[in-house]
Amino acid sequence: GGVATAKWLAQHGARVTATDKRTKTVLEPSIKALRGVPVKFVLGEHRQEDFKNNDMIIVNPGVPRESEYVQTAVKAGKRIENDTSLFFRYCDNSVIAVTGTRGKTTTTLWIAELLKKKYTKVAPSGNTPDNAFLKEFDRVNGKNIPVVAEMSSWQLEHLPSSGRSPHVAVITNLYPDHLNRYNGIKDYANAKANIFTGQNDGDFLILNYDNEWTPHFLKKKP
């Protein structure tokens with residue numbers, strides 16, 4: 001997603017700095033994919049000034065909210081986004097989104113396959129390198145193509161900043177997982193709940209009747 005995000009931002013007029021603690025050698029495939037794109041690279045380190053001086057900080061899914069660099073940006077009053085929040089902020093298409101601890105990939109693929117009977121250009125996107133959100137943006141935006149998206153809890157962490165939720169939100173289930181990233185399973189559940197907290201009366205939320213966390217989600221729904 002990082003390459004697609006950098007390309008999309010540059011194409012839409014942003015001055016982009018890409019920073020990564022990994023080295024140029026390790027990141028060679030990504031650098032090659034960005035050849036010809038006006039991106040400034042800061043590699044092998046992160047610099048505090050980059051998080052203080054840029055207008056918007058876009059974090060990859062693997063970057064925790066508690067990162068000292070993200071916190072530097074927050075204290076400096078910077079706008080924090082990820083590819084998911086940018087997509088939802090600017091894309092006009094109707095979105096069906098699927099999250100959950102297990103089964104989200106299968107569910108997403110089946111929804112896309114069924115919708116192809118009516119919309120021939122439907123492709124699953126989101127939590128997949130081949131069809132990252134901003135890689136798909138210009139292909140689908142403004143066209144009569146519903147977006148079917150698989151969304152991880154990491155992607156959902158910044159979705160509320162977009163001010164929008166999917167037209168149809170699906171949570172397949174919730175089980176203890178990724179708890180090294182979260183402060184317990186309730187914190188993990190609340191990250192998943194971001195998929196529907198911006199919905200309105202015309203939207204749909206589909207939950208798993210048998211999952212023990214469904215009552216928790218029902219208490220949080222708009």
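The values are calculated or read from the model by the stated rules, or taken from the named source; none is laboratory data. Predicted model, so just to flag it, every value in this text is computed and none were measured. Glycine gets a Cβ as well: all are built from the backbone with ideal geometry, and neighbour counts include every protein chain shown. To get the accessible areas, we keep the full protein, side chains included, count just its heavy atoms, and leave off ligands, DNA and RNA. Shrake-Rupley method; radii C 1.70, N 1.55, O 1.52, S 1.80 Å.
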Using the structure shown, decide if Leu218 is modelled with pLDDT of 90 or more, farther than 17 Å from Thr101 by Cβ and loosely packed, with under 14 Cβ neighbours inside 10 Å.
yes
For the stretch 160-204, enumerate the residues that are in contact with a helix residue (DSSP H, G or I) (Cβ under 8 Å, 6 or more places away or on another chain), outside any helix (DSSP H, G or I), of a type in the set (A, V, I, L, M, F, W, C) and closer than 21 Å to Thr108 by Cβ.
Val170, Ile171, Leu174, Ile195, Phe196
Just name the residue that is nearest to Thr72 (Cα to Cα) out of those in the stretch 18-52 that are assigned to a helix (DSSP H, G or I) and within 21 Å of the chain's Cα centre (by Cα).
Phe51
Selection status of Ile96, crowded, with 17+ Cβ neighbours inside 10 Å, more than 16 Å from the chain's Cα centre (by Cα) and in contact (Cβ under 8 Å) with a residue 12 or more places away in the chain
no
The residue that is least open to solvent (accessible area, probe 1.4 Å), considering only those in the stretch 102-129 that are polar (S, T, N, Q) and over 16 Å from the mean Cα position of the chain (by Cα), is Thr107
Within the stretch 105-138, of all residues that are basic (Lys, Arg) and touching a helix residue (DSSP H, G or I) at 6+ places or on another chain (Cβ under 9 Å), the one farthest from Gln155 (Cα to Cα) is Lys121
Search result, residues across the stretch 69-102 that are of a type in the set (Ser, Thr, Tyr), in contact with a Leu (Cβ under 6 Å, 6 or more places away or on another chain) and under 22 Å from Ala4 (Cβ atoms)
Thr84, Ser85
I'd like the full set of residues that are open to solvent by 40 Å² or more (accessible area, probe 1.4 Å), among the β-branched types (Val, Ile, Thr) and touching a residue at least 12 places away in the same chain (Cβ under 8 Å), limited to the stretch 20-44.
Thr23
Kindly check whether there is at least one residue in the stretch 53-63 that is outside any helix (DSSP H, G or I) and either of a type in the set (Lys, Arg) or at positive phi (or both).
no
Restricting to the stretch 181-215, and then to whatever is of a type in the set (Gly, Ala, Ser) and more than 14 Å from Gly100 (Cα to Cα), can you tell me which residue is surrounded by the fewest Cβ atoms within 10 Å (Cβ to Cβ)?
Gly202
More than 20 Å from Tyr69 (Cα to Cα), part of a helix (DSSP H, G or I) and within 20 Å of the chain's Cα centre (by Cα), is that true of Ala4?
yes
